[in-house]
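*Asks:* My questions all concern the structure below.
The values are calculated or read from the model by the stated rules, or taken from the named source; none is laboratory data. Not measured: the values here are computed from a predicted model. Cβ coordinates were reconstructed from backbone atoms using ideal geometry, including for glycine residues, and neighbour counts include every protein chain displayed. When the accessible area is computed, the model is the full protein with side chains, heavy atoms only, and any ligands, DNA or RNA have been set aside. Shrake-Rupley method; radii C 1.70, N 1.55, O 1.52, S 1.80 Å.
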Amino acid sequence: MPAPASPPPEPAPAAAAPAASPARVSAWRPSVPGVVEVFHARFTEYAYPMHVHDAWTLLIVDSGAVRYDLDRHEHGTPDDTVTLLPPHVPHNGEPATAEGFRKRVLYLDSSRLGDDLIGAAVDRPDLRDPLLRRRVGQVHAALVRPGDELEAESRLTLVGERLREHLRSLEPAASRRVDPVLARRLRELLDERVADGVTLAEAGAELSAHPAHLVRAFSTAYGIPPHQYLMSRRVGRARGLLLQGWPPSAVAAAVGFYDQAHLTRHFRRLVGVTPGRYRATGAAGG
């Protein structure tokens with residue numbers, strides 16, 4: 001810690017200066033196509049030296065700010081900004097204030113963003129876009145919940161689409177092409193695979209459509225995104241099994257939830273009570 005600018009005139013016993021907050025880091029590789037790594041960190045003093053990544057770095061700062069250099073130009077990341085650092089281009093990073101920063105990062109491979117966009121990202125790495133910022137946060141929220149990989153993939157697909165709009169200097173599309181036939185086919189596919197689930201990449205390959213178009217077409221036709229539809233179908237099946245007397249742990253496995261906690265979270269959100277309480281009302285004849 002730096003010494004005070006003007007020491008007190010009469011020294012007096014004092015507690016030792018508080019140590020800097022330790023760095024806190026968590027990192028993992030989720031089973032979401034195109035995501036190389038998820039990285040959450042809190043730093044107060046650590047400064048990154050110049051380095052490069054093979055992947056795209058999609059960064060949001062939740063508190064504090066980061067100062068960094070990219071292509072010999074200085075940049076900053078206030079908390080309303082989404083920062084996109086391209087692969088293979090050197091950059092560094094350090095706290096912009098004494099309080100440090102807390103950040104969440106997605107490292108994405110070229111299936112999400114192509115190398116043709118590197119030049120535009122070097123020119124405009126910091127994007128002030130509240131909708132994009134909110135969507136990136138929603139991806140992270142889904143990624144920390146086991147079993148919500150389809151939601152994360154769906155939300156990340158829309159994030160990638162908006163990033164490409166920024167980098168190609170396009171205005172967000174005012175209207176989207178309605179494709180009810182594709183939406184119906186995706187709904188039928190989800191209905192067939194309620195318990196097993198399906199990734200957007202698998203659905204896109206089977207239906208010969210880009211994942212972003214799948215999400216748009218389905219959301220336009222039915223008013224909810226594919227992941228939300230699938231979860232509602234799973235909860236619907238769970239209700240029937242619970243009323244038959246199945247225990248929640250067995251229900252979770254049978255209808256496609258990651259575990260009982262995953263079932264409970266979505267069940268309570270859609271039904272208003274936990275699976276256990278819902279099952280008890282059925283046993284009581286309510």
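*Asks:* Give me the number: length gained by fully extending E37 to H88, i.e. 0.36 nm times residue separation minus the C-alpha to C-alpha distance, one decimal in nm.
*Replies:* Additional length available on full extension: 16.7 nm.
*Asks:* Summarise the accessible area of the range 30-71 (1.4 Å probe, protein heavy atoms) by the percent that is carbon and sulfur.
*Replies:* 57
*Asks:* State the volume of the convex hull built on the alpha-carbon positions of the range 47-161, expressed per residue in Å³ and rounded to an integer.
*Replies:* About 102 Å³ per residue, rounded to a whole number.
*Asks:* What's the Kirkwood radius of the range 178-286 in Å, using all Cα pairs?
*Replies:* 14.7
*Asks:* Under a Cβ-Cβ cut-off of 11 Å, what is the net charge of the residues other than L241 that fall near it, where Lys and Arg count +1 and Asp and Glu count -1?
*Replies:* The answer is +4.
*Asks:* Is the shape of the range 121-168 best called rounded, prolate or oblate, per the rule: a/c under 1.5 gives rounded, else a/b larger than b/c gives prolate, else oblate, with a ≥ b ≥ c the square roots of the Cα gyration tensor eigenvalues?
*Replies:* Prolate, because a/c is 1.5 or more and a/b exceeds b/c.
*Asks:* So if we plug the beta-carbon distance of R24 and D80 into 1/(1 + (r/R0)^6) with R0 = 25 Å, what FRET efficiency do we get, rounded to 0.05?
*Replies:* 0.65
*Asks:* What relative contact order, as a whole-number percentage, does the range 194-244 give when Cα pairs under 8 Å and 6 or more residues apart are counted?
*Replies:* Across the range 194-244, relative contact order equals 31 percent.
*Asks:* How large is Rg over Rh for the range 71-228, taking Rg from the Cα atoms and Rh as the Kirkwood inverse mean of 1/r across Cα pairs?
*Replies:* Checking Rg against Rh, the ratio lands at 1.01.
*Asks:* So if I average 1/r over every pair of distinct C-alpha atoms in the range 84-131 and take the inverse, what Kirkwood radius in Å does that give?
*Replies:* 12.8
*Asks:* For the range 201-246, what is the Kirkwood estimate of the hydrodynamic radius, computed as the reciprocal of the mean inverse distance between distinct Cα atoms, to one decimal in Å?
*Replies:* 12.0
*Asks:* Consider all pairwise Cα distances in the range 181-222 and report the whole-number % of them above 16 Å.
*Replies:* Distances greater than 16 Å cover 24 percent of the Cα pairs.
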